[in-house]
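Structure record follows, encoded as structure tokens.
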Amino acid sequence: MTQNAATQNATTELTITGMTCDSCATHVRKALESVPGVSEAQVSYPAATARVVLEREVPVQQLTAAVAQSGYGASPHGETATGDGQGLHIAVIGSGGAAMAGALKAVERGARVTLIERGTIGGTCVNVGCVPSKIMIRAAHIAQLRRESPFDAGLPPSPSNVLRGPLLAQQQGRVEELRHAKYESILESTPSIEVLRGQARFVDAQTLSVAQADGTAREVTFDRCLIATGASAAIAPIAGLAETPYWTSTEALEADAIPPRLAVIGASVVAVELAQAFARLGSQVTILARHTLLSQEDPAIGEALAAAFRDEGIEVLEHTQASRVAYAGDEFVLSLGESELRADRLLVATGRSPNTPELNLAAAGVETDQRGGIIVDDGLRTSTAHIYAAGDCTDNPQFVYVAAAGGTRAAINMTGGEARLDLTAMPAVVFTDPQVATVGLSEQEAHLAGIETDSRTLTLDNVPRALANFDTRGFIKLVAEAGTGRLLGVQAVAGEAGELIQSAALAIHNRMTVQELADQLFPYLTMVEGLKLAAQTFTKDVTQLSCCAG
């Protein structure tokens with residue numbers, strides 16, 4: 001038999017890529033048996049092979065195409081699967097981090113892409129998320145340093161008026177610059193990607209209907225589809241709130257004035273970052289936390305952050321909820337049981353909900369969780385084998401770097417490759433001051449997983465960099481597996497916690513023990529040296545060591 005055709009009363013062997021379970025093997029078998037001339041297909045997930053029994057001559061390309069249509073890769077047995085997406089048409093819904101990464105990788109691997117966007121090109125991160133918020137946070141940090149620092153005795157403070165207009169113009173100018181450079185110009189210069197404007201909706205598992213601005217609808221049929229529609233602000237179900245001009249993070253970042261009084265409902269990442277930024281730019285800020293700040297993290301994190309906020313004059317009301325919100329005379333009134341809170345502006349930051357309700361996912365057989373997040377496996381495949389999803393619209397953590405990594409891996413898998421998204425050492429940073437950074441397991445998460453732990457917490461008055469900065473707020477905590485000493489997780493609250501957490505992520509990824517971490521060389525007078533010192537506390541009293549003891 002040649003590699004160009006499979007002949008009558010014969011069998012042919014294929015190598016299959018992209019299978020993750022026995023159910024995948026069933027999908028491949030059904031796809032092969034649907035090809036005219038195939039009498040039977042035996043597919044093995046463990047062996048990653050398919051044995052195809054034929055009634056007549058069938059081109060091997062027809063068999064591999066059938067496997068590709070089901071969402072997997074195939075090549076004649078003995079050849080290396082190329083993962084070539086040549087000829088595939090991939091629909092990508094969205095244009096943010098996950099969508100762009102997926103579209104570009106798919107094109108790189110030979111596919112043709114139709115990218116569908118209902119709003120502004122670039123998605124959340126560059127337009128209304130990471131980029132503008134970090135610019136605003138940085139400006140607020142500079143304002144705080146001019147107003148107050150540990151060096152005021154020798155560098156007298158020189159507070160100045162906050163001119164929100166010029167700051168906003170600078171912020172939005174950089175947003176537009178990055179959107180054009182990293183999204184619009186790339187799409188314009190990539191002929192294999194067609195951009196279609198409108199709201200996409202599944203007609204069935206192979207077809208989308210796109211409602212365009214002119215009122216017409218266009219059908220898009222595809223071989224594969226990547227859903228990357230992101231998420232939007234979730235609004236708490238508080239009586240009266242819907243009738244008020246409250247802010248989400250989008251309106252807050254685009255506001256052209258700093259309100260004298262700002263109330264913040266929520267204690268999530270967005271809530272704490274923006275609350276501190278507005279406080280440093282001149283607002284009197286009150287945070288209403290249903291539980292504690294960042295309550296999903298180690299309790300010590302919320303305690304340290306709340307203490308830092310209160311020191312700056314931010315009012316933190318923990319275990320507090322508003323039962324009703326009213327707005328009259330340019331003033332918000334929040335009912336808090338027996339008391340009231342009045343504010344000029346109200347920011348609601350209670351999490352983000354996946355943008356999936358308008359997609360008609362049921363028509364394509366795509367399953368979601370209770371939040372509406374699309375359920376994906378570690379290959380980003382949904383419950384429908386040839387439809388993938390990545391980013392904030394899924395049940396994965398809502399970080400743009402997770403979204404982009406997911407989009408890239410989804411594209412590899414859509415074009416016959418085999419890639420997995422490993423989140424076991426995923427670092428996360430909250431850009432408050434001090435920053436919060438975490439990676440791996442907390443003590444509680446380890447215990448829930450049945451792992452016994454041995455943990456140490458190093459306060460920053462033991463870290464030379466923090467002492468030199470005259471800023472010893474916070475701590476570094478290491479969670480290790482009892483007995484083996486293998487590093488499981490790191491939680492840090494520090495001025496530069498975000499700059500040290502990647503070293504911790506690499507240590508966890510490489511399954512290092514705390515002793516191996518303690519034995520590494522770290523540059524003196526860096527915050528990341530705190531990781532070494534924290535690791536040394538498992539066997540030593542670091543208060544009795546010299547400054548840079550190895």
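The values are calculated or read from the model by the stated rules, or taken from the named source; none is laboratory data. In this text, all values refer to a predicted model and were calculated from it rather than measured experimentally. Positions of Cβ are generated from backbone atoms using ideal geometry, with glycine treated the same way; all protein chains shown enter the neighbour counts.
In the set (1) acidic (Asp, Glu); (2) farther than 27 Å from residue 172 by Cβ; (3) touching a Ser or Thr at 6+ places or on another chain (Cβ under 7 Å), the condition left unmet by residue 273 is number (2).
Here's a check for you: in segment 1-22, which residue that is within 24 Å of residue 384 (Cβ to Cβ) and in a loop (DSSP other than H, G, I, E, B) is modelled with the lowest pLDDT? Steps first, answer last, please.
Of all residues in segment 1-22, those within 24 Å of residue 384 (Cβ to Cβ) come to 14-22.
Add one more test, that the residue is in a loop (DSSP other than H, G, I, E, B), and what stays is 18-21.
Values: 18: 69, 19: 73, 20: 66, 21: 72.
For segment 1-22, the residue satisfying everything is 20.
Just one residue in the set 257, 277, 304 is in contact with a Gly (Cβ under 9 Å, 6 or more places away or on another chain), in contact (Cβ under 8 Å) with a residue 12 or more places away in the chain and outside any loop (DSSP other than H, G, I, E, B); that residue is 304. Would you be able to say whether some residue in segment 164-179 is of a type in the set (D, E, K, R), surrounded by fewer than 13 Cβ atoms within 10 Å (Cβ to Cβ) and either at pLDDT below 95 or more than 23 Å from the chain's Cα centre (by Cα) (or both)? There is no residue in segment 164-179 that is of a type in the set (D, E, K, R), surrounded by fewer than 13 Cβ atoms within 10 Å (Cβ to Cβ) and either at pLDDT below 95 or more than 23 Å from the chain's Cα centre (by Cα) (or both). Do the conditions hold for residue 382, that is, is it assigned by TED's automatic domain parsing to the domain that holds residue 125 and surrounded by 23 or more Cβ atoms within 10 Å (Cβ to Cβ)? Taking the combined requirement at face value, the residue satisfies it.
Determine whether segment 529-542 contains at least one residue that is aromatic (Phe, Trp, Tyr), part of a loop (DSSP other than H, G, I, E, B), in contact (Cβ under 8 Å) with a residue 12 or more places away in the chain and under 19 Å from residue 441 (Cα atoms). Checking segment 529-542: at least one residue is aromatic (Phe, Trp, Tyr), part of a loop (DSSP other than H, G, I, E, B), in contact (Cβ under 8 Å) with a residue 12 or more places away in the chain and under 19 Å from residue 441 (Cα atoms). Among the conditions (1) outside any loop (DSSP other than H, G, I, E, B); (2) buried (at least 22 other Cβ atoms within 10 Å of the Cβ); (3) at pLDDT 90 or above, residue 25 misses just one, which is (3). Look at (1) over 24 Å from residue 303 (Cα atoms); (2) buried (at least 17 other Cβ atoms within 10 Å of the Cβ); (3) not hydrophobic (A, V, I, L, M, F, W, C) and you find that residue 523 fails only one, number (2). Among the residues of segment 510-550, those that are touching a strand residue (DSSP E or B) at 6+ places or on another chain (Cβ under 9 Å) and of a type in the set (Val, Ile, Thr) comprise 513, 514, 537, 542. Set side by side, the residues 47, 41 differ, and just one is more than 23 Å from the chain's Cα centre (by Cα), assigned to a loop (DSSP other than H, G, I, E, B) and of a type outside the set (Phe, Trp, Tyr), which is 47.
One residue stands out among those in segment 428-461 that are free of Cβ contacts under 8 Å to residues at least 60 places away in the same chain and not aliphatic (A, V, I, L, M): the one that is nearest to residue 95 (Cα to Cα), which is 445. Taken as a whole, the condition of being assigned to a strand (DSSP E or B) and at pLDDT 95 or above applies to residue 332. Could you check, for segment 357-368, whether at least one of its residues is buried (at least 23 other Cβ atoms within 10 Å of the Cβ), closer than 29 Å to residue 118 by Cα, in contact with a Gly (Cβ under 6 Å, 6 or more places away or on another chain) and not assigned by TED's automatic domain parsing to the domain that holds residue 294? No, every residue in segment 357-368 fails to be buried (at least 23 other Cβ atoms within 10 Å of the Cβ), closer than 29 Å to residue 118 by Cα, in contact with a Gly (Cβ under 6 Å, 6 or more places away or on another chain) and not assigned by TED's automatic domain parsing to the domain that holds residue 294. Residues in segment 392-427 that are closer than 19 Å to residue 90 by Cα and either under 13 Å from the mean Cα position of the chain (by Cα) or of a type in the set (A, V, I, L, M, F, W, C) (or both): 393, 394, 403, 404, 405, 406, 407, 410, 411, 412, 414, 419.
With respect to being without any contact (Cβ under 8 Å) to a residue 40 or more places away in the chain and not assigned by TED's automatic domain parsing to the domain that holds residue 67, residue 185 fits the description.
Cβ-Cβ contacts under 8 Å between residues 6 or more apart (or on different chains), taken from a first residue in segment 189-207 that is buried (at least 18 other Cβ atoms within 10 Å of the Cβ) to a second residue that is among the aromatic types (Phe, Trp, Tyr) and part of a loop (DSSP other than H, G, I, E, B), are listed as 206/222. Inspect all residues belonging to segment 495-502 and state whether any of them is more than 28 Å from the chain's Cα centre (by Cα) and not small (Gly, Ala, Ser). No, there is no match, as no residue in segment 495-502 is more than 28 Å from the chain's Cα centre (by Cα) and not small (Gly, Ala, Ser). Given the structure, is residue 239 surrounded by fewer than 17 Cβ atoms within 10 Å (Cβ to Cβ), in contact (Cβ under 8 Å) with a residue 60 or more places away in the chain, out of contact with any helix residue (DSSP H, G or I) (no Cβ under 7 Å at 6 or more places or on another chain) and closer than 30 Å to residue 337 by Cβ? So residue 239 fits the description; yes.
A Cβ distance below 9 Å, combined with a sequence gap of six or more or placement on separate chains, defines the contacts here; from segment 102-118, residues that are in a helix (DSSP H, G or I) reach residues that are among the charged types (D, E, K, R) and surrounded by fewer than 20 Cβ atoms within 10 Å (Cβ to Cβ) in the pairs 106/112. Evaluating residue 347 against the criteria (1) buried (at least 24 other Cβ atoms within 10 Å of the Cβ); (2) outside any strand (DSSP E or B) leaves one unmet condition, (2).
Out of curiosity, is residue 91 under 30 Å from residue 200 (Cα atoms), modelled with pLDDT of 95 or more and outside any helix (DSSP H, G or I)?
Values: under 30 Å from residue 200 (Cα atoms): yes; modelled with pLDDT of 95 or more: yes; outside any helix (DSSP H, G or I): yes.
In short, yes.
Only residues that are assigned to a loop (DSSP other than H, G, I, E, B) and out of contact with any helix residue (DSSP H, G or I) (no Cβ under 8 Å at 6 or more places or on another chain) were counted across segment 456-470, and they come to 1. In this structure, residue 150 qualifies as part of a loop (DSSP other than H, G, I, E, B), touching a Phe, Trp or Tyr at 6+ places or on another chain (Cβ under 8 Å) and touching a residue at least 12 places away in the same chain (Cβ under 8 Å).
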